[in-house]
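Working notes, structure below.
The values are calculated or read from the model by the stated rules, or taken from the named source; none is laboratory data. Keep in mind it's a predicted model, so treat the numbers as computed, not measured. When we count neighbours, we look across all protein chains shown, and the Cβ atoms used for this are built from the backbone with ideal geometry, even at glycine.
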Amino acid sequence: MKRRGDNMTFLKTLTGWWLWLLGLFFGALLPWIANMSSMTVYHKILWVLLIINGLYAAISGRIIGKEGTGAWRLLVFPLVFAVATFLLRDVAHQYAYYLAIGYLCVSYFAYGRQVGLAGEQRGTKQSIVGKKTAV
């Protein structure tokens, strides 16, 4: 007998709702908040755009790789950031689109590193089992 929560868990897994919410927060809301605050342009670029969003890109890439979900999800945050930059004109600098490409690269490298680590662990387990059975 299925419980009611089982359908919701499946829906959360299917849609990756956390990825969309955090993508909206880090890609659109956080830069907008930084623009509305009294932060200088240099602090906004350093802290919000490079450090905080760069860390989010790396962490989200690693989590997506660990979950083994589709790699297309790596596009969510950079696309939200690029569209928010275009529509809201919050980050009015010419290099904001290059930051979106940089976020994609960082998340892709973290994704690839996580998937590669998982593959190496599987290969090590298989080789150990193979050696034990051969001996």
Reported set for the stretch 55-83 where residues are among the β-branched types (Val, Ile, Thr) and within 10 Å of residue 111 (Cα to Cα) is 59, 63, 64
key: So residue 109, is it buried (at least 19 other Cβ atoms within 10 Å of the Cβ) and either modelled with pLDDT of 90 or more or assigned to a loop (DSSP other than H, G, I, E, B) (or both)   = no
Look at residue 77 and say whether it is within 30 Å of residue 117 (Cβ to Cβ), aromatic (Phe, Trp, Tyr) and assigned to a helix (DSSP H, G or I).
yes
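For every residue, the table says whether it meets (1) under 19 Å from residue 94 (Cα atoms); (2) acidic (Asp, Glu); (3) within 20 Å of the chain's Cα centre (by Cα); (4) at pLDDT below 75.
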residue: 3; (1), (2), (3), (4): no, no, no, yes
residue: 10; (1), (2), (3), (4): no, no, no, yes
residue: 15; (1), (2), (3), (4): no, no, yes, yes
residue: 22; (1), (2), (3), (4): no, no, yes, no
residue: 40; (1), (2), (3), (4): yes, no, no, no
residue: 46; (1), (2), (3), (4): yes, no, yes, no
